[in-house]
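Nothing in this text is a laboratory measurement; each read-out follows from the coordinates by a stated rule. Bear in mind that the values here come from a model prediction, so they are computed numbers and not experimental data. No Cβ is skipped: glycine too gets one built from the backbone with ideal geometry, and neighbour counts run over all protein chains shown.
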Amino acid sequence: MKIHEYQAKEILKDYGISVPQGRLATTAEEAMAAADELGGSVWVVKAQIHAGGRGNAGGVKVARSRDEVGEFAAGMLGKSIVTHQTGPEGSLIRKIYVEEGVDIDREFYLGLTLDREKRCLAVIGSAEGGTAIEEVAEENPDAIKKFWIDPSFGLLTYQPRLLAFALGLSVKEMRRFVDFSQRLYRLYVDLDASLAEINPLVITKTGEVIALDAKLNFDDNALFRQKSVLEYRDTDEEDPGEVEASQYDLSYIKLDGNIGCLVNGAGLAMGTMDTIKYYGGEPANFLDVGGGATAEKVTAAFEIILRDNVDAIFVNIFGGIMRCDTIAEGVIAAAKQVGLGDVPLIVRLAGTKVEEGKKMLAESGLPILAASDLAEGAKLAVEAAEKRKA
Amino acid sequence: MAILVDKDTRVLCQGITGGAGLFHCGQMKEYGTQVVAGVTPGKAGMTVLDDVPVYDTVYQAVDDTRADTSVIFVPAPFAADAILEAIDAGIRLIICITEGVPVKDMIQVNQALAGSQSRLIGPNCPGIITAGECKIGIMPGHIHKRGRVGVISRSGTLTYEAVDQLTKLGLGETTCIGIGGDPIVGSGYIDLLTLFNNDPETDGVVMIGEIGGTAEEEAAAWVAANMKKPVTSFIAGQTAPPGRRMGHAGAIVSGGKGLAADKIKELERCGIPVANTPSEIGQTMLNVLGK
């Protein structure tokens with residue numbers, strides 16, 4: 001689960017980590033009032049979207065007057081911003097954060113995340129902070145220092161201390177950096193985070209160590225025990241189809257194509273999307289209907305898929321414990337309930353009670369194209385979609 | 001011989017009195033698996049599935065029935081604890097079916113496993129099956145046929161797809177293991193490839209992978225250096241968009257790492273043929289093994 005920068009900074013503050021003073025605003029007037037409240041003469045106006053890469057896309061602007069704050073705010077609010085992480089359709093800016101300007105001396109990168117290979121957490125520091133950390137990782141991996149964290153002991157004091165020396169901090173700055181890191185680690189573990197990124201971590205001209213930006217992601221699997229984190233969920237930042245799908249216990253991700261997929265099992269669903277592409281088509285979505293493909297779930301899935309203006313729907317189900325006749329029943333009921341119009345429906349069933357399932361589909365009176373294997377189903381779907389589009 | 005489980009394996013089920021546990025243990029028994037005990041704290045004294053005694057603790061179940069393997073159907077908030085209890089009770093093979101276990105919990109479980117005699121499969125997996133002898137998990141037994149090929153997969157139904165093909169092509173399977181879809185799993189490809197490498201009955205191994213992490217790449221390098229028999233593969237998720245979790249918690253391309261294309265490249269570089277689509281998984285192995 002992702003949260004906004006202003007929310008992440010709220011959490012950091014709770015853990016005693018220094019962040020610049022800031023105020024949330026949803027109108028230009030509120031933004032100017034925020035600037036008044038904060039005082040000073042330099043402010044930063046920041047678009048609040050979940051995606052990263054705002055800086056290079058005009059989503060972070062330094063204002064040197066109250067009027068400029070208002071101007072920048074008006075220029076951002078209600079507009080879409082496209083960053084390398086948003087996809088081509090961009091993200092709508094609904095909120096902005098006005099922060100006091102900070103006297104930056106140096107910028108660094110500090111991150112905490114899971115190292116899958118080592119099966120433990122890692123703390124990562126780099127002297128090259130700012131907007132290009134992904135490039136740094138690719139072009140100059142030596143600029144990045146990493147320590148693995150033994151779960152029995154947690155973050156050990158010497159680890160951020162060594163990081164601080166590697167980054168060239170003074171002794172006083174090093175002590176503040178160590179404290180900062182330990183608090184960040186404590187936060188990460190307490191709240192079941194999956195990523196904590198301070199980019200940039202700033203040393204000010206007076207030697208303060210503060211988080212100029214903060215990105216906190218949380219382990220979806222742990223949300224059941226993190227109610228306070230769940231409060232920060234912003235469904236405006238999620239695709240509405242995906243929000244609806246999760247209510248039906250469907251795993252759904254919208255893609256760009258025109259061939260809808262409905263599959264049981266995440267691996268098979270990915271494999272199905274891949275096969276459609278392999279035969280020249282474009283999948284419209286990833287959809288894992290899970291272990292229980294009931295009529296209700298299949299109906300909900302069809303409805304969500306059809307909203308994407310698809311030219312064909314490919315249902316690929318391998319019935320293991322779930323029987324193919326039960327699945328066929330669900331597909332038929334859903335197709336009748338939803339009304340597919342002229343969208344071709346290709347169904348491939350395999351596994352338990354497959355013959356019974358196929359028979360039911362054949363006798364349903366619905367124009368269903370039956371496929372005997374995944375490849376055939378994908379090819380039929382691609383052809384049918386091309387025909388309908390034409 | 002196959003690996004890890006056979007007709008002599010004695011299985012206890014943690015969570016047997018829950019809906020999923022009860023149903024799947026019934027299916028396992030039907031297949032021929034020796035389900036000798038269940039564990040649900042507070043329900044000791046019950047008998048389920050005609051003749052399976054329920055105990056309060058894993059230790060008691062082991063003491064009474066000499067169970068050596070545990071299958072866990074406990075809900076996600078409590079699954080890691082169930083694994084830790086099984087490790088402590090000396091269970092040699094633990095299979096955790098549960099999806100949704102927090103990463104933090106698995107970091108701790110991984111730590112506990114390191115110092116122990118236990119092997120964990122999963123979590124978030126369909127289980128393990130030695131065709132014709134022992135089924136531990138939720139896979140459909142009837143698609144399996146005893147034969148020559150081992151299967152290791154991060155997936156569930158995609159694995160069944162592959163197994164179905166291997167069976168229909170006459171190759172059959174020795175043991176099939178679902179290692180699970182999470183970022184941290186108890187047994188990885190290399191752990192199991194090592195066992196298949198030394199199993200006289202297994203002539204080849206199918207590795208089914210997906211986006212996220214670098215396990216397939218590490219396995220490919222290991223195979224090139226150590227494997228004495230052919231390995232073929234399929235990698236799901238070539239069309240997955242970056243940064244999105246594709247169903248499985250571990251199926252995510254993060255910071256440019258974990259791409260299907262990179263895995264395929266590395267597998268092929270290490271001499272492991274990769275099927276173009278799931279429909280070709282069986283054929284790809286047949287091409288390598290011959291008849």
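From other protein chains only, count the Cβ atoms within 10 Å of every residue's Cβ in A:212-221, then give the mean.
Averaged over the peptide's residues, the number is 3.
Chain B: D in µm²/s via Stokes-Einstein (Kirkwood Rh, Cα pairs, 10 °C, 1.306 mPa s)?
Here the translational diffusion coefficient equals 84 µm²/s.
Need one word for region B:139-289: rounded, prolate or oblate. Basis is the Cα gyration tensor (sqrt eigenvalues a ≥ b ≥ c); a/c below 1.5 gives rounded, then a/b vs b/c decides.
The shape class here is prolate.
Let me know the mean shielding of B:243-252 by other chains, meaning the per-residue number of their Cβ atoms within 10 Å of its Cβ.
That average works out to 6.
Please sort B:144-157, A:77-90, A:232-245 by packing, taking for each peptide the average over its residues of neighbouring beta carbons within 10 angstrom, highest first.
B:144-157, A:232-245, A:77-90
What would the Debye equation give as log₁₀ I(q)/I(0) for the protein assembly as shown at q = 0.11 Å⁻¹, counting only Cα atoms as equal point scatterers?
Treating every Cα as an identical point scatterer, log10 I(q)/I(0) equals -1.17.
How much of the DSSP bridge set in chain B is antiparallel, in percent, rounded to the nearest 5?
20
Take the alpha carbon gyration tensor of region A:21-101, find the square roots of its eigenvalues, order them as a ≥ b ≥ c, and report rounded if a/c is under 1.5; if not, report prolate when a/b exceeds b/c, else oblate.
prolate
Please express the Cα-Cα pair-distance distribution P(r) of region A:188-322 as a list of whole percents, one per 5 Å bin, running from 0 to the bin with the greatest distance.
Result, from short to long distances: 2, 9, 16, 16, 14, 12, 11, 8, 5, 3, 3, 2, 1, 0 percent.
Cα gyration tensor of region A:239-389, axes a ≥ b ≥ c as square roots of the eigenvalues: rounded (a/c below 1.5), prolate (a/b > b/c) or oblate?
Rounded, because the longest to shortest axis ratio a/c is under 1.5.
Each residue of region A:93-101 in turn: what ³J(HN,Hα) in whole Hz from Karplus with 6.51, -1.76, 1.60 and θ = phi - 60°, glycine and Pro shown as x?
8, 9, 9, 10, 10, 9, 10, 5, x
In peptide B:103-116, how many Cβ atoms from other protein chains are near each Cβ within 10 Å, on average?
That works out to 4 on average.
For A:Gly271, what is the net charge nearby, where nearby means another residue's Cβ is under 10 Å from its Cβ and Lys, Arg count +1, Asp, Glu -1?
Surrounding charge for A:Gly271 is -3.
Using only Cα atoms and rounding to the nearest 10 degrees, what angle (0 to 90) does helix A:28-38 make with the longest principal axis of chain A?
30
Assigning unit charges at the beta carbon (Lys, Arg +1; Asp, Glu -1) and nothing else, what dipole magnitude in debye, to the nearest 20, does chain B show about its Cα centre?
It comes to approximately 580 debye.
Add +1 for every Lys or Arg and -1 for every Asp or Glu among the other residues with Cβ under 10 Å from the Cβ of A:Leu169, and state the total.
So the environment of A:Leu169 carries a net charge of +4.
Taking the Cα centre as origin and putting +1 on Lys and Arg beta-carbons and -1 on Asp and Glu beta-carbons, what dipole magnitude results for the protein assembly as shown, to the nearest 20 debye?
Its charge dipole is roughly 780 debye.
Based on Cβ point charges of +1 for Lys and Arg and -1 for Asp and Glu, what charge dipole magnitude is obtained for region B:162-291 about its Cα centre, in debye rounded to the nearest 20?
The dipole of region B:162-291 has a size of about 260 debye.
Using the Karplus curve 6.51 cos²θ - 1.76 cosθ + 1.60 with θ = phi - 60°, work out ³J(HN,Hα) for each residue of region A:195-206 in order, rounded to whole Hz, and write x for Gly and Pro.
So the J values, rounded to whole Hz, are 7, 10, 10, 10, 9, x, 8, 10, 9, 7, 4, 9.
Which one of A:Ala31, A:Ala378, A:Ala73 has the biggest mean-square fluctuation once chain A is modelled by GNM with Cα springs under 10 Å?
Most flexible of the set in this elastic network: A:Ala378.
Report, by chain and number, residues whose modeled amide H sits under 5 Å from the one on B:Gln34, excluding near sequence neighbours (fewer than 5 apart, same chain).
B:Val11
Helix by helix through chain B, keep the DSSP H runs that span 30 Å or more along the axis on Cα and average at least -1.0 on Kyte-Doolittle, and give those back in order.
Taking the DSSP H segments of chain B (at least 30 Å long, mean hydropathy at least -1.0), we get none.
Dipole of region B:1-151 (Lys/Arg Cβ +1, Asp/Glu Cβ -1, origin at the Cα centre): which of B:Val103, B:Met46, B:Gly18 lies farthest to the positive side?
B:Val103
So how do A:325-337, A:259-271 stack up, highest first, on mean other-Cβ count within 10 Å?
Ranking, from highest mean packing down: A:259-271, A:325-337.
Under 5 Å between amide H atoms, partner at least 5 residues away or on a different chain: which partners does A:Asn258 have, H built in plane at 1.01 Å?
A:Glu282, A:Ala284
Step through the residues of region A:102-112 one at a time and calculate ³J(HN,Hα) from phi using the Karplus curve (6.51 cos²θ - 1.76 cosθ + 1.60, θ = phi - 60°), rounding each to whole Hz and writing x for Gly and Pro.
Karplus-based 3J(HN,Hα) across region A:102-112 equals 10, 7, 7, 9, 9, 10, 9, 10, 10, x, 10 Hz.
What residues qualify as long-range amide H neighbours of A:Asp105, i.e. H under 5 Å apart, gap of 5 or more or another chain, H built at 1.01 Å from N?
Counting only residues 5 or more places away or on other chains, the set is A:Ile203, A:Thr204, A:Lys205.
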